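Here is the structure we will look at, set down as structure tokens.
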Amino acid sequence: MRRFAIRALSGIVAVLLLLGLVLLVLVQRNLPGDEGGRLAGLAADVTVDLDDRGVATIHAASVEDALQAQGWLTARARAFQLEILRRNASGRLAELFGSSALPLDRRHRLYGFARVAEAAVPLLPPGERADLEALASGINAYFAAHQGRLGLEFALLRTEPEPWRPADSVAVLLLMYEQLTDDVEAQRGTEKLADVPESIRAFLLPRATADDVLLVPDAPPLEPPSLPLIEGSVPPALPKAAWFEADDEEGVAGSNAFAVSGALSASGRPILAGDPHLGHEMPAIWLPMRFVVAGRTSEGVTLPGLPALTIGRTDQVAWSFTNLEGDVQDLYRERIERGRSRRGDGFEPVVERKETIRIRGGAEETLVVRSTSNGPLLEGDLAVRWTALDPANLRVPNADFLRAGDEAAFLATFDRFTGPPQNVVWASASGSIGWRPAGLLPVRRTGTDGSVPYDASDPKNAWQGYLPMSELPRVVDPPEGFVVTANQRTIGTSFGHVVSSDWGHPGRARRIRDLLLEAKAAGTKVTRRSAEAIQLDERSETMRRTAAALRPFLPGDLGRLLEGWDGTADATTARYLVARALRRAVRERALATWAAPPVRWHLEGDNWNDLLEANDAAFRAAGLGGKDAFLKGVADDAVAALEKRYGSDRSRWSWGEANRLSARHPLGYVPGLSWLFDPPRSPQSGAPGTPRAASPAFGQSLRWIFDWGEPEAATLVVPFGTSGHVGSPHRLDQHASWRAGDPGGTATRLSRPPSGTPIQLRP
């Protein structure tokens, strides 16, 4: 028996060793080499230097040649990412991953991203279309020269990529539209509040808050909402439920960006800092890259599948983006009768199309998509109109950043940027700093803001064109010496046009502004190091106030834990974890009492904390009963929720354990492969409501700092690395610096000497 067991064990070991050997061979076979190649469309030779982090510097005589080289290098580093992006946008993931991918495929077939992208390409200006063709030429040249060794993922899935087309690049752009747009959920939520008393609705959905950090002020200033005042009887309370998976500071992508004038910097020149907050993916969303075209340097990050730079700097301007939160989606309730939708006194046909989704290991699925002139019907009679679904609205002017001959020409590029709508924060070599919106914003019926669904039968509710870019407000060289955006309400109602009714919580912007004001008051000059310290700041004033108000009602150990807490989201303690639970419990108990349905909250400041700090009379006037009883109930609810999720041993609670990074690779979802493809699930400090935005699924997708006093010392870091290949030394080599920061600015410096033999690309 023993001999048999030994033999069986030996057999298992032998099989595992054989499988390991096969895997090793596959990994090595699919790693990119340093060999160059032929690019038939090049006008002249292109040289590519790779540094010790795998960041490529493209030396080219023309932008067109540089874009072809960019395509080749993107395919070299991120071939499988390109394939996933294309399949995701076109609704073809189930062809690779089976039925588990059907929800994504159905959604993107419903929107018709592939159809929209295909129709958009012929409408692009010839120059932008040529840019996409150049990029595609480089991608396809690499695909053709490396068939059968494009990545371990392709080998395991037994597939090869189709040739890349310009329409695929536009489809990638549509995915970014989708990630940065969530107006539909906000409008659905607002509609649910129609029967809630007006004072409660005004409290939950304020037009302005006391915490706003405006760049274009209201005139006169708007009054923040008063505390709810219930007249008459309170509706029957709803049963409490786990409504809120996220609090007011969580659950949506964000971003920070700020620029500081030379008067406030140690170098005497402007500084630009940006950190977009997006969903974490493996590999990273962005690909760092540098361009030296005809002697002019540009550097930053590219979005794989799109040409040139998305964020970075040229010889004239450094820039970054944050989401404007522009309202570019509206819901329309259609009045459908016998396959037709009413329009005024007449009708228009409801158009149907069939989408066939192929499923790996299963039968095909046919999806019937119904649409009106407003857009696809999401469900029943509810259609969505979205700027992204009109092919005429899609532009890809990115490569013009590389062509701009001066600052004015560079900044004019943003006038051709149609979306998704963004805040542009910039700092120029001439010494200026500024902010402006960029992207198409619809003009709506006077007196409406798109916050609730429109009646589609009334022609007056149709969009009335788009707001001209020239009419959008701008700020250049403000007297305070800096500009800050962090998805907060930037534009006051005095502007006269609807920009958004769904701004982000102002906490991050307020904290960044306050840190800059403190430095200014103290006479402390901003440096690259102090700018990074702001990006990595972990303090939430919102959570500090929440904890201070509720601490007396907590059990002794938790009360002592929060005593004197400054709101820092430190991974090693449970303070932020407890404060977040209290925040959620406040809202759940109050909303259940008010019979207010769960919605996605927007434009919310610290009005919940204003309520917590109000007196007993205010609580009773709001229908919440006595203050102490209410807060004691909240504290009990929060502790019960924490114990249910994290166990009764409170000494084992920590924010870092609850906030572990959970970035996934598409093949990481396959049983048994997570260890090979997913990055480490490390505990994280920071939180969505702090400048260092951090949650398991989204956070700082890069950190970028540029000082015009030291252009060569610009720093940039992404969560993982440049390479998407298992086994590559550059797959995770930036991760440690991204997690810990880099005060010295050496590990994250973008301009670095070449490492190894240059890659030569020839016509």
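How much length is gained on full extension from Ser470 to Lys632, taking 0.36 nm per residue of separation minus their Cα-Cα distance?
53.0 nm
With θ taken as phi - 60° and the Karplus curve 6.51 cos²θ - 1.76 cosθ + 1.60 applied, the whole-hertz 3J(HN,Hα) list for the stretch 479-494 is x, 6, x, 7, 10, 9, 9, 8, 6, 6, 5, 9, 10, x, 5, 5 Hz, x standing for glycine and proline. The peptide list 305-314, 695-704, 213-222, 387-396, put in order of mean Cβ contacts within 10 Å with the highest first, becomes 305-314, 695-704, 387-396, 213-222. Among the listed values (1) 13; (2) 32; (3) 20, the one matching percent of Cα pairs over 52 Å apart as calculated from this structure is (1). Relative contact order, whole percent, for the chain stands at 21, derived from Cα pairs under 8 Å and 6 or more residues apart. Backbone geometry of the stretch 619-631 corresponds, through the Karplus equation with coefficients 6.51, -1.76 and 1.60 at θ = phi - 60°, to 3J(HN,Hα) couplings of 4, 5, 5, 7, x, 9, x, x, 4, 4, 5, 5, 5 Hz, x marking Gly and Pro.
What value, in deg cm²/dmol to 500, does the helix sum -39500 (n - 2.57) over DSSP H runs of n ≥ 4 give at 222 nm once divided by the residues of the chain? All intermediate terms of the calculation are to be shown ahead of the outcome.
On the way: 23 runs with 253 residues, N = 763.
Computed mean residue ellipticity for the chain: -10000 deg cm²/dmol.
Could you tell me which GluC sites (Glu not before Pro) in the stretch 460-527 are loop residues by DSSP with no more than 11 other beta carbons within 10 angstrom of their beta carbon? Walk me through the numbers before you get to the answer.
Numbers: sites: Glu471, Glu480, Glu518; in loops: Glu480.
Listed in order of number, the matching sites amount to none.
In plain terms, the residue of Leu324, Leu102, Leu517, Leu173 with the fewest other Cβ atoms within 10 Å comes first and the most crowded comes last, giving Leu517, Leu102, Leu173, Leu324.
Which loop trypsin sites (Lys or Arg not before Pro) in the stretch 40-131, with loop taken from DSSP, have no more than 12 other Cβ atoms within 10 angstrom of their Cβ?
Working: sites: Arg53, Arg76, Arg78, Arg86, Arg87, Arg92, Arg106, Arg107, Arg109, Arg115, Arg129; in loops: Arg53, Arg92.
Loop-located and lightly packed - none at all.
Descending by average beta-carbon neighbour count within 10 Å, the peptides 534-541, 621-628, 284-291 line up as 284-291, 534-541, 621-628, the highest first.
The HN-Hα couplings worked out from phi for the stretch 356-367 by the Karplus form 6.51 cos²θ - 1.76 cosθ + 1.60 (θ = phi - 60°) are 9, 9, 7, 10, 5, x, x, 6, 5, 10, 9, 10 Hz, whole numbers, x standing for Gly and Pro.
Could you compute the FRET efficiency for Arg188 and Thr746, with r as their C-beta to C-beta distance and R0 at 41 Å, rounded to 0.05? Each step should come with its number before you reach the end.
Working: r = 49 Å, r/R0 = 1.18.
According to the calculation, E is roughly 0.25.
Give a quick list of chymotrypsin sites (Phe, Trp or Tyr not before Pro) in the stretch 413-468 that DSSP marks as loop, anything other than H, G, I, E or B, with at most 16 other Cβ atoms within 10 Å. Passing both the DSSP loop test and the Cβ count: Trp463.
No value in this document is a laboratory result; all are computed from the given coordinates. What you see is a predicted model, and the numbers here were worked out from it, not measured in a lab. Glycine also receives a Cβ, built like all others from the backbone with ideal geometry; neighbour counts cover every protein chain displayed.
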